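Have a look at the structure below before the remarks.
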Amino acid sequence: MRVSVIGCGHLGAPHAAAMAELGHEVIGVELNPETCEILQSGRGAFYEKGLDDLLAKHVPTGRLRFTTDLAEAADFADLHFIAVGTPIRSDGHGYDTGQIIGAVRDLAPLLKRPATVVGKSTVTVGTVAHLQTILAEHAQGGVDLVWNPEFLREGHAIEDSLRPDRIVAGLTTSAAEKAVREVYAPILERGDAELIVTDPATAEVLKSAANAYLATKISYINAMAEICEITGADVATVAHGIGIDHRIGHAGMRPGIGYGGGCLPKDVAAFTHRVGELGATGASALLTAVEEINHSRLDAARALVEHAHGGPLGTATIAVLGASFKAGTSDVRSSPALRLAGLLQDAAARTVIHDPEAVPAARRLHPEYTYADTLGEALAGSDLVVLATEWPQYTKDPSLPVASAGLVRRPVLVDIRTAVDPAGWARAGWTVHQLGRSAHRPTTV
């Protein structure tokens, strides 16, 4: 099938690469010439696990190519995925849908034959109806609109694109359903992903509701961590015990400094605002509480760092490990790790940030912060180490606490992701502080 992907950022580039891997002929449209040139060279403009491998595999063969010319894509493809950004509005209420409306408005008059337009961006209820009107007025030859929201985890976007647990298609015609089944046929034939065919409004709400639930789960366990800090209970055991219930599960039940990235913060904010507009006061109150708990964990994390240091941070040298909002991606949008680093830098004499993939992006966003290109450079001479993003380079290497102990002034780790085995670090001579747990102090085997 000939497919276009319009918008090749964190959503579109992995999706384009995955479509090529599934056997389709794919053209990606990226209006930023620099980004387009990087993609056409066979590599990603940002780090996403597995993306460079697929680009290097399919761009040289011509199965996947990139252009800045929307007309070229309109002429080439029979199905057009819209994957442009829908950032939160400047007032913090609802989505800025300018990019997606603009993409459809620009594409519509270029469609001269029957085609299917498939939206993947996250939007507020009612957006699809507006886009259908644009297509009806300006496209020729019969064009169907499908809403097919993404459920990708950054850092796992390629895997989730190739092996999704569900495919949601909000549509109104049998022709549109046929097109969806054709483009996703290699996935559907495996039988391990459910295709949910529904109307566009349901697809819109389903995506927002799913992200709001994920955010609620993260905020809930962070609220339990706050209780554990007051009572002396161990939040890791609480989370484990809760997660045994198959109705709840362990996924997402790890306390930390809250959710971030390009999806959950804006999606929850927009959904909260919209349900308030609709008069759903109970749902609005619940989601408002989720946001408030999420924001409060940064203050809790800073307080934990001060406690671990033994007082004000004004004379401390702090190594912050992690800048991306989660491991597996270089995305620093709404990164709680970077926000915490900023709070610490405001209070500390010296804060040095290291991340295995996100330092270039972080430098562009916050050039005023201090960064280290190597882990050793970040650790050298530090009084305190803050684990802010759960990269496996920091959490899974059993030799890291031993090797790092020789670089720091005081072997004190503040793990605000609850990501390391504190007993293992304690055996290596570290004092380990985690949210919602008692400190683990150095032990001997």
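Read-outs: derived from the displayed coordinates by stated rules, not from any lab. Values in this document were obtained by computation on a predicted structure and should not be read as measured data. Glycine also receives a Cβ, built like all others from the backbone with ideal geometry; neighbour counts cover every protein chain displayed.
So here's what we get for this one:
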| read-out | value |
| --- | --- |
| D (Stokes-Einstein, µm²/s), Kirkwood Cα radius, the range 327-445, 1.002 mPa s at 20 °C | 146 µm²/s |
| For 178, 120, order by how many other beta-carbon atoms lie within 10 Å, fewest first | 178, 120 |
| Given charges at beta-carbon only (K, R positive; D, E negative), |dipole| of the range 207-294 in Debye | 340 debye |
| Cα-Cα pairs of the range 382-445 separated by more than 14 Å (percent) | 50 percent |
| Cα-only radius of gyration and Dmax that characterise the range 181-241, units Å | 18.9, 56 |
| Taking only Cα atoms of the range 297-354, radius of gyration then Dmax in Å | 11.4, 34 |
| Order of 66, 81, 46 - criterion: other Cβ atoms within 10 Å of each residue's Cβ, fewest first | 46, 66, 81 |
| Within the range 110-243, percent of DSSP bridges classed antiparallel, to nearest 5 | 10 percent |
| Radius of gyration, Dmax [the chain; alpha carbons; angstrom] | 23.3, 75 |
| All-pairs Cα distance distribution in the range 2-198, expressed in whole percent, bin size 10 Å | 9, 38, 39, 13, 0 |
| Electrostatic dipole magnitude of the chain [Cβ: Lys, Arg +1; Asp, Glu -1; Cα centre; debye, to 20] | 660 debye |
| The range 1-80 and the range 360-424: distance between their alpha carbon centers, rounded to Å | 35 Å |
| CD proxy at 222 nm, helix term only [per DSSP H run n ≥ 4: -39500 (n - 2.57); per residue of the chain; nearest 500] | -13500 deg cm²/dmol |
| Given charges at beta-carbon only (K, R positive; D, E negative), |dipole| of the range 2-198 in Debye | 260 debye |
| Net length gained if the chain between residue 2 and residue 227 were fully extended (0.36 nm per residue, minus Cα distance) | 75.6 nm |
| Label-reachable residues, the range 152-189, where backbone N falls under 19 Å from a point 7 Å from residue 198's Cα toward its Cβ | 152-153, 164-174, 176-178, 180-181 |
| Footprinting exposure proxy for 1, 253 (fewest neighbouring C-beta atoms within 10 Å first) | 1, 253 |
